[in-house]
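The values are calculated or read from the model by the stated rules, or taken from the named source; none is laboratory data. Here the structure is a predicted model, which means the values were calculated and not measured. Cβ coordinates were reconstructed from backbone atoms using ideal geometry, including for glycine residues, and neighbour counts include every protein chain displayed.
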Amino acid sequence: MTIPPINKKRIVFLYSDTGGGHRSAAEAIIEALELEYPGCFECDMVDFFEDYSPPPFNMAGPIYPVMSRMDHLWRFSFEVSDDPDRMRVIYSMFWPYIRLPLYRLVEKHPCDLFVSVHPLINIPLLRAMRRRNIRNPYIIVVTDLVSTHTAWFADEATRIIVPTDQAIKKALQACVQPEKLKVIGLPVAERFRRNSKKKPELREELGWARDKLMVLLVGGGEGMGPLEDIARRINQSGLDVALAVVTGRNQKLKDSLEKWDWKIPAHIYGFVRDMPSFMRAADILLTKAGPGTISEALIAGLPIILYHRISGQEEGNVSYVIDEGAGVWAPEPQDIIETLRFWIENSDERLRAVQNAKRLARPNASRDIAKEIAGYLLQS
């Protein structure tokens, strides 16, 4: 039963647009809070890199896509820093430079509770809170699926919510008290949870073929990765499939694909806002190994072909999907074609991946996280 609001409790969500997943996670939790407890909370989102970081850290958002494509450098920086002792040294080195902006953050955003959905803010902000004698609850919602960096885990946090059982291991290595950890899932928007329309109805609305295996090819909001090469190989493969390609904000790629001589039924989209319908209407998802997209696909019961991952932070996602039987790793276009051909010729194997995806899905994660957060505020 919803508790009627007397005085709205204020929650500050700490995120950064270094990749789209952090913002999406915060928005999904805020949405769930309003659905579960309408009118009880006032939520603010603070991009700490952009709004409260000195140069060059305030450029982290624009720089992130470029850095994440530098595979060897990214892997090196991830692995070298992925150690509790090293992170303490790194934060101590930067503390004199970042402490004043952090003090401004906590002073300008008084609240009843902080929620962090980003790894790099937790230890320094908790230190700033301690020095300013701020004792509010601080909840960390980990948005990496499996390969969690040690920076996520600050034992001073009130609660640390992780998406999978595998993600807990790194927290224990970082000496987080086990009772502070809770496995709930990765927060995704409510629209992914709803399932009012069936696949034939959705396909008719989208204009997709109803008599062919429907492959959905995505590359994130920026249309990253080898989408063009993959689409070309599928078009030339002779496979009896239909294809939907979502190029995101990559308008140049969208324009190029629309001019092709397609040999198979193909639908080209730019940035879309109804990805849940796309996923529920498709039979197979081709994607990079982003945690949000994987979680959304599992809820839709989509078998997954992963063609790209960011070194370090997304490698565990690949192992998770493979080990749990929900999909395959196919880093080369030819691997993708062979997997599609195998699933066409062995439909039982594809349907087994569908069932495994449904088994792994956590469609109620956002609402369960909202209830966990509310528990710290509505009891006081």
Of the conditions (1) touching a strand residue (DSSP E or B) at 6+ places or on another chain (Cβ under 6 Å); (2) crowded, with 18+ Cβ neighbours inside 10 Å; (3) assigned to a loop (DSSP other than H, G, I, E, B), residue 209 fails just one. Which one is it? (2)
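Would it be correct to say that residue 121 is in a helix (DSSP H, G or I) and within 23 Å of the chain's Cα centre (by Cα)? Break it down stepwise before answering.
Working: in a helix (DSSP H, G or I): yes; within 23 Å of the chain's Cα centre (by Cα): yes.
Yes: the conditions hold for residue 121.
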For the range 77-93, check the following and say yes or no: at least one residue is surrounded by fewer than 20 Cβ atoms within 10 Å (Cβ to Cβ) and more than 25 Å from residue 176 (Cα to Cα). no
Could you tell me whether residue 124 is surrounded by fewer than 19 Cβ atoms within 10 Å (Cβ to Cβ), under 26 Å from residue 187 (Cα atoms) and touching a residue at least 12 places away in the same chain (Cβ under 8 Å)? no
Go through the range 313-366 and report how many residues are small (Gly, Ala, Ser), more than 30 Å from residue 32 (Cα to Cα) and touching a residue at least 12 places away in the same chain (Cβ under 8 Å). 1
Might you check whether a residue that is part of a loop (DSSP other than H, G, I, E, B) and in contact with a helix residue (DSSP H, G or I) (Cβ under 7 Å, 6 or more places away or on another chain) occurs anywhere in the range 128-137? yes
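Run down 116, 77, 92 and say which single residue is over 22 Å from residue 310 (Cβ atoms) and polar (S, T, N, Q).
Working: 116 fails: over 22 Å from residue 310 (Cβ atoms); 77 fails: over 22 Å from residue 310 (Cβ atoms).
So the residue among 116, 77, 92 that is over 22 Å from residue 310 (Cβ atoms) and polar (S, T, N, Q) is 92.
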Any idea how many residues of the range 58-115 are out of contact with any helix residue (DSSP H, G or I) (no Cβ under 9 Å at 6 or more places or on another chain), within 30 Å of residue 374 (Cβ to Cβ) and either part of a helix (DSSP H, G or I) or not assigned by TED's automatic domain parsing to the domain that holds residue 136 (or both)? 1
Considering only the range 23-45, I want to know if a residue exists there that is at pLDDT below 90 and either crowded, with 19+ Cβ neighbours inside 10 Å or closer than 14 Å to residue 371 by Cα (or both). no
Report, ordered by the first and then the second residue, all pairs with beta carbons closer than 8 Å, sequence separation of six or more or different chains, a first member in the range 94-114 that is more than 13 Å from residue 126 (Cα to Cα), and a second member that is of a type in the set (Lys, Arg) and not in a helix (DSSP H, G or I). 107/132; 110/10; 111/10; 112/9; 112/10
